[in-house]
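Okay, structure first, notes after.
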Amino acid sequence: MEGCPIVKKGLHPTYQLQPRQHDERYPKTIPEPTARQHDALRGLPEADAINFAPHVTIPVLMLNGKYDFIFPVETSQMPLFRALGTPANLKQHIILDTPHNVFAAGSTTIRIILDWLDKYLGPVQ
């Protein structure tokens, strides 16, 4: 498939990343959801993560932006983090100097994620 970043090899679903060319028809970053889109889900218990957080007991890495207007630190991020059922020694909340899109921090975000994955899944061999 020409222009596709993933190419299937053989009969097994083994994938190989291919160099990706930027297509000028699309923005280089994904636009953040609008507050209106998030408001559409607010108030629905079945869509509110806080109702499910106590059931989460596995290790958690929570990356958030300091300037996130969609999920503000004090009124959204911290309550969700505290509500997680994961033991304190297995959960980590990192607040980056970014808006909602934590990948705006670039390689810092990637390094944090890779270090966490190495800790819980083991280093790549």
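The values are calculated or read from the model by the stated rules, or taken from the named source; none is laboratory data. Here the structure is a predicted model, which means the values were calculated and not measured. When we count neighbours, we look across all protein chains shown, and the Cβ atoms used for this are built from the backbone with ideal geometry, even at glycine.
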_Can you find, within the stretch 79-96, the residue that is farthest from ILE58 (Cα to Cα) among those that are touching a strand residue (DSSP E or B) at 6+ places or on another chain (Cβ under 8 Å) and surrounded by fewer than 16 Cβ atoms within 10 Å (Cβ to Cβ)?_
ILE94
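When you check ILE70 against the structure, is it assigned to a loop (DSSP other than H, G, I, E, B) and either surrounded by 11 or more Cβ atoms within 10 Å (Cβ to Cβ) or at pLDDT 95 or above (or both), yes or no?
Numbers: assigned to a loop (DSSP other than H, G, I, E, B): yes; either surrounded by 11 or more Cβ atoms within 10 Å (Cβ to Cβ) or at pLDDT 95 or above (or both): yes.
Against the criterion (assigned to a loop (DSSP other than H, G, I, E, B) and either surrounded by 11 or more Cβ atoms within 10 Å (Cβ to Cβ) or at pLDDT 95 or above (or both)), ILE70 qualifies.
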_Matching residues in the stretch 54-67 - criterion: being touching a Ser or Thr at 6+ places or on another chain (Cβ under 6 Å), under 14 Å from LYS91 (Cα atoms), not in a loop (DSSP other than H, G, I, E, B) and not hydrophobic (A, V, I, L, M, F, W, C)_ = none
*Can you pull out the residues in the stretch 77-105 that are touching a residue at least 24 places away in the same chain (Cβ under 8 Å) and of a type in the set (A, V, I, L, M, F, W, C)?*
LEU80, ALA83, LEU84, LEU90, ILE94, ILE95, LEU96, VAL102, ALA104
*Using beta carbons and a limit of 8 Å, which pairs, at least six apart or on different chains, have the first residue in the stretch 50-76 and in contact (Cβ under 8 Å) with a residue 12 or more places away in the chain and the second one surrounded by 14 or more Cβ atoms within 10 Å (Cβ to Cβ) and acidic (Asp, Glu)?*
ILE70/GLU32
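Regarding PHE103, is this residue modelled with pLDDT under 95, surrounded by 13 or more Cβ atoms within 10 Å (Cβ to Cβ) and either not β-branched (Val, Ile, Thr) or not in a loop (DSSP other than H, G, I, E, B) (or both)? So that I can check it myself, show each step before the final result.
Values: modelled with pLDDT under 95: yes; surrounded by 13 or more Cβ atoms within 10 Å (Cβ to Cβ): yes; either not β-branched (Val, Ile, Thr) or not in a loop (DSSP other than H, G, I, E, B) (or both): yes.
So PHE103 passes the test.
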